[in-house]
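Worksheet: the structure to be examined is printed underneath.
No lab work stands behind these numbers, since they all come straight from the coordinates. Note that this is a predicted model, so its numbers are computed, not measured. Counting neighbours? That spans all protein chains shown, and the Cβs are built from the backbone with ideal geometry, glycine included.
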Amino acid sequence: MADIQEDDDLVFHKICALLEPLNHKGVKLTRDTDLVADLEIDSVSVLDIVMDIEDNYDLSIPVNTISETRTIGELVDAIHALKKQQA
């Protein structure tokens, strides 16, 4: 079980590192941070982040998953689910 938590933390920290340059308001990044409401990230920036994530994790994130994802935690969970599907 510790491996899952550790992997979750690694993905979370990677996502936070990708989001940090867009965090102009200095919001504390948590799993509950809303990408649009809290960070005010526009759709173009979201797509840039998604492309970076896809490159980093060698996966493809479906458009419907992107549109349904609101928080950092949901994004982390989606990455884990996609990684599991590809395994």
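Under 23 Å between alpha carbons: how many lysine pairs meet that in region 2-86, if sequence neighbours fewer than 8 apart on the same chain are excluded?
4
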> Could you give P(r) for region 2-86, binned at 5 Å from zero, as whole percent values over all Cα-Cα pairs?
Replying inline: 3, 14, 29, 28, 17, 7, 2, 0
> What is the dipole size for the chain, taken about its Cα centre, with +1 at each Lys and Arg Cβ and -1 at each Asp and Glu Cβ, in debye to the nearest 20?
Replying inline: 100 debye
> For THR71, which sequence-distant residues (separation of 5 or more, or a different chain) have an amide H within less than 5 Å of its own amide H, given hydrogens modelled in the peptide plane?
Replying inline: LEU35
> How far apart, in nm, are two points set 7 Å out from the Cα along the Cα-to-Cβ line at SER60 and at GLN86?
Replying inline: 1.1 nm
> For ASP38, which sequence-distant residues (separation of 5 or more, or a different chain) have an amide H within less than 5 Å of its own amide H, given hydrogens modelled in the peptide plane?
Replying inline: none
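Using the number of other C-beta atoms within 10 angstrom as an exposure proxy, rank VAL46, VAL63, VAL76 with the fewest first. All intermediate terms of the calculation are to be shown ahead of the outcome.
On the way: VAL46 18, VAL63 9, VAL76 22.
Exposure proxy ranking, most exposed first: VAL63, VAL46, VAL76.
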> For the chain, what does -39500 (n - 2.57) per DSSP helix run (n ≥ 4), summed and divided by total residues, give at 222 nm, in deg cm²/dmol to the nearest 500?
Replying inline: -20000 deg cm²/dmol
